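Scroll down for the structure; my scribbles are underneath it.
The values are calculated or read from the model by the stated rules, or taken from the named source; none is laboratory data. Small disclaimer: the values here were computed from a predicted structure and weren't measured. Here the Cβ is made from the backbone with ideal geometry for all residues, glycine too, and neighbour counts use every protein chain on show. Note: areas computed on protein heavy atoms with side chains; ligands, DNA, RNA excluded. Shrake-Rupley method; radii C 1.70, N 1.55, O 1.52, S 1.80 Å.
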Amino acid sequence: MLKDAGGKTINLGQASALAAGDWDRDGDVDLVAGFIGGQVVFLPNITQDGAIAFGPHVVLQAGGKPIPSEHAGPALGDWDLDGDLDLVVGSGDGSVVLYRASWTEKTGLPTLEPAVTLVAKRGYGDFKRDAQGRIEKGRSASRAKPCIADWNGDGKPDLLVGDFATVVGPAPVLTEEQVTQKAALEKELKTLNAENAAAFTKRDLEARRIAGIPEKGNIPEGKMKAWSDALRTLMAKEEGTAERNKRLTELREEVAALSAEREMTGFVWLYERK
């Protein structure tokens with residue numbers, strides 16, 4: 001676990017993705033981090049006497065604005081071959097953008113230029129698999145996590161991008177009776193999902209009140225346990241919740257049996273520099 005100067009575990013957000021490099025040019029390895037939501041941040045290495053530690057995070061900006069960071073995946077590398085470490089950031093929509101870095105001082109953080117798109121967004125659409133098991137041609141999907149490397153050895157940096165994807169097989173051939181059955185199941189599933197969402201919203205508001213948290217916004221790290229404990233207590237008191245959740249599980253299984261097979265997976269894509 002990474003610690004700050006006071007020995008406290010660093011936790012800035014969920015689903016963190018890290019890039020490492022001497023980005024402030026002081027001779028040690030620093031970190032750049034991205035998260036599901038929030039900002040892309042720099043964590044300076046302040047290790048002393050072998051005790052690894054990182055200083056307060058700095059929110060990174062480009063063109064005077066914080067870098068967008070939904071499902072951010074940062075990478076550091078010399079993209080323009082000028083001897084400096086540039087910043088590349090993958091996003092939840094599948095896009096990958098470059099922020100060229102330049103230093104006005106020998107040490108300290110660089111200035112980042114506005115974003116240049118390296119890979120356009122693809123969105124959260126599915127990949128299709130045909131009856132022979134072949135997956136359609138395409139490019140990286142959601143939650144893009146890039147890496148900069150000279151993959152083909154031609155002296156120019158290439159881009160490797162990992163992603164999260166859903167692969168959908170061919171639709172099954174259903175009888176008229178099965179089509180009617182599936183429609184009825186999906187209608188019931190939609191109704192119960194709406195009921196579940198409404199129940200959670202009500203429960204969340206009450207749990208926030210109990211834990212002393214504002215009605216809107218992220219749950220502070222120090223309040224997370226109080227909030228989750230309150231949620232569990234409130235859920236245990238609710239009538240019909242267990243039955244509804246059990247029925248939801250059954251419905252999802254029954255609908256899945258009448259639908260195209262869906263596989264949640266991920267791929268690594270190579271984009272060779274021209």
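Against the definition (more than 30 Å from Asp26 (Cα to Cα) and surrounded by 20 or more Cβ atoms within 10 Å (Cβ to Cβ)), how does Gly92 come out, yes or no?
yes
Can you tell me which residues in the range 1-31 are outside any loop (DSSP other than H, G, I, E, B) and either open to solvent by 40 Å² or more (accessible area, probe 1.4 Å) or among the polar types (S, T, N, Q) (or both)?
Lys3, Asp4, Thr9, Leu18, Ala20
Out of Ala131, Ala115, which single residue is of a type in the set (Gly, Ala, Ser), without any contact (Cβ under 8 Å) to a residue 40 or more places away in the chain and open to solvent by 30 Å² or more (accessible area, probe 1.4 Å)?
From the options Ala131, Ala115, the qualifying one is Ala131.
Test each condition in (1) open to solvent by 70 Å² or more (accessible area, probe 1.4 Å); (2) farther than 27 Å from Gly37 by Cβ; (3) touching a residue at least 12 places away in the same chain (Cβ under 8 Å) for Ser259 and report the one that comes out false.
The number of the failed condition is (1).
Counting only residues that are touching a His at 6+ places or on another chain (Cβ under 8 Å), give me the strands (runs of 3 or more DSSP E) lying completely in the range 42-153 with at least 2 of them.
Hits in the range 42-153: 142-149.
State yes or no: is Gly34 out of contact with any Gly (no Cβ under 7 Å at 6 or more places or on another chain) and open to solvent by less than 20 Å² (accessible area, probe 1.4 Å)?
no
Search the range 168-182 for residues that are touching a residue at least 40 places away in the same chain (Cβ under 8 Å) and pair each with any residue that is part of a loop (DSSP other than H, G, I, E, B) and open to solvent by 80 Å² or more (accessible area, probe 1.4 Å) when their beta-carbon atoms are under 7 Å apart and the residues are at least 6 apart or on different chains.
Taking only residues 6 or more apart or on different chains, the pairs are Gly169/Glu261; Pro170/Ala131.
Is it the case that Arg209 is surrounded by 14 or more Cβ atoms within 10 Å (Cβ to Cβ), free of Cβ contacts under 8 Å to residues at least 40 places away in the same chain and either out of contact with any helix residue (DSSP H, G or I) (no Cβ under 8 Å at 6 or more places or on another chain) or not small (Gly, Ala, Ser) (or both)?
In short, no.
Taking into account only those residues within the range 216-256 that are without any contact (Cβ under 8 Å) to a residue 40 or more places away in the chain and among the β-branched types (Val, Ile, Thr), which is least open to solvent (accessible area, probe 1.4 Å)?
Ile219
In the range 166-186, which residue that is part of a loop (DSSP other than H, G, I, E, B) and in contact with a Lys or Arg (Cβ under 8 Å, 6 or more places away or on another chain) is surrounded by the most Cβ atoms within 10 Å (Cβ to Cβ)?
Gly169
Among the residues of the range 44-72 satisfying the criterion of being out of contact with any Asp or Glu (no Cβ under 8 Å at 6 or more places or on another chain) and among the β-branched types (Val, Ile, Thr), which is least open to solvent (accessible area, probe 1.4 Å)?
So the residue we want is Ile67.
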